[in-house]
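First comes the structure, then the notes that go with it.
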Amino acid sequence: MARFTEPVHPVDDLEELLIDAEVDDEQVPPIPPVVVRPWLLLLGLVLVALNLRPALSSMAPLLSQVSDSLGLSAAQAGLLTTLPVLCLGLFAPLAPVLARRFGTERVVLGILLTLGGGIALRSSLGEVGLFAGSILAGASIGVIGVLLPGIIKRDFAGHAGTMTGVYTMALCLGAALAAGATVPLSHAMGNSWALGLGFWALPALIAAIFWLPQTGKRQGAHKVAYRVRGLLRDPLAWQVTLYMGLQSSLSYIVFGWLPSILMGRGLTATQAGLVMSGSVIVQLITALTAPWLATRGKDQRLAIVLVMSMTLAGLFGCLYAPLDGLWGWA
């Protein structure tokens, strides 16, 4: 989360941008921090982050099989991949409300359980359960996705860049594992797409067990709140918002449709899932190095242009280049 300072020309106040969703305003009295074991918190954060993408990336390799099994139309299949991502944004505003009411750590625990429930639900009750579970899983990811970065910046303030990289690596690893392993898992479970998708409820429950110790204590909140003014009239704020929104959209498009596109080019479901998994695995390297590189200079525009150009080239390669070089493009 970027920290914006006041513009030179004062304009109307907007809501304060806070590192910790539990903090309401500058009048909130600071809560004495509780000593915790950092390694236990780190382990919990990594396990939670690992579960924020499998619900999204596990569906794509099995989308054709699920559609054939339930008789879904092309429009329904598109809606199935769109709904969870849509819920990420629609339910994200609930995160600070819930955190202020119940505490961030408790909310994360509860939402992990709803995430596991949503993943299990979409593997049962046919078409109704499929869509209802997808909505519940997407909503759960949307809430946790807002809270975890705040916990990182609050409890690892001295290493926020490195820890953000570790968090992003865990996100990528979870997405890669689900993309590559879901089809083999479904084959191993009697060629059942429902069991292959439902398997990913288990890691969510494991993460909840390891996160449970965090709910017994309330962490100290930051004493500093940052008052934000004039974002609606700040061109840089709009540029950052549009860039982050577009690159996130690109990521979810790849999660949702790259395997189907590759299967249309002749790959099997297992091969298509592995290609997407390999593409995401590479991000483990860039997720950790990018924050470090970003701090080496004051201007990241050239680096962003180069990286986005590589992304565009890779996508066009996956779509149109000969399959012999597919892994390189991916």
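The values are calculated or read from the model by the stated rules, or taken from the named source; none is laboratory data. All values derive from a computational prediction rather than experimental measurement. A quick note on method: Cβ atoms are made from the backbone with ideal geometry, for glycine too, and the neighbour counts reach across all protein chains shown.
Listed by position, the helices (runs of 4 or more DSSP H) inside the stretch 130-215 whose residues that are β-branched (Val, Ile, Thr), within 18 Å of the chain's Cα centre (by Cα) and within 23 Å of Val254 (Cα to Cα) number at least 2 are 160-188. Restricting the first member to the stretch 232-244 and to residues that are closer than 16 Å to Val305 by Cα and part of a helix (DSSP H, G or I), and the second to residues that are of a type in the set (Val, Ile, Thr) and at pLDDT below 90, the beta-carbon pairs closer than 9 Å and six or more apart or on different chains are Tyr243/Ile304. For the stretch 289-322, a residue qualifies if it is touching a residue at least 24 places away in the same chain (Cβ under 8 Å), more than 26 Å from Met163 (Cβ to Cβ) and exposed (fewer than 14 other Cβ atoms within 10 Å of the Cβ), and exactly one does: Leu319. Of the residues screened, Val107 is not one that is within 14 Å of the chain's Cα centre (by Cα) and at negative phi.
Evaluate the following for Thr81: is it over 30 Å from Leu262 (Cα atoms), of a type in the set (Ser, Thr, Tyr) and part of a helix (DSSP H, G or I)? Taking the combined requirement at face value, the residue does not satisfy it. The condition (being touching a Leu at 6+ places or on another chain (Cβ under 7 Å), among the β-branched types (Val, Ile, Thr) and at pLDDT 85 or above) is satisfied by just one residue among Ile281, Ile261: Ile261. For beta carbons closer than 8 Å, sequence separation of 6+ or different chains, a first residue in the stretch 47-72 that is touching a residue at least 40 places away in the same chain (Cβ under 8 Å) and surrounded by fewer than 24 Cβ atoms within 10 Å (Cβ to Cβ) and a second that is among the acidic types (Asp, Glu) and outside any loop (DSSP other than H, G, I, E, B), the qualifying pairs are Leu70/Glu127; Leu72/Glu127. Consider the stretch 90-129 and keep the residues that are in a helix (DSSP H, G or I) and of a type in the set (Ser, Thr, Tyr). The one that is modelled with the lowest pLDDT is Thr104. Checked against the criterion of being within 23 Å of Ser249 (Cα to Cα) and β-branched (Val, Ile, Thr), the stretch 290-302 contains not a single residue that satisfies it. If you go through the stretch 127-186 and keep only what is among the acidic types (Asp, Glu) and surrounded by 19 or more Cβ atoms within 10 Å (Cβ to Cβ), you end up with just Asp155.
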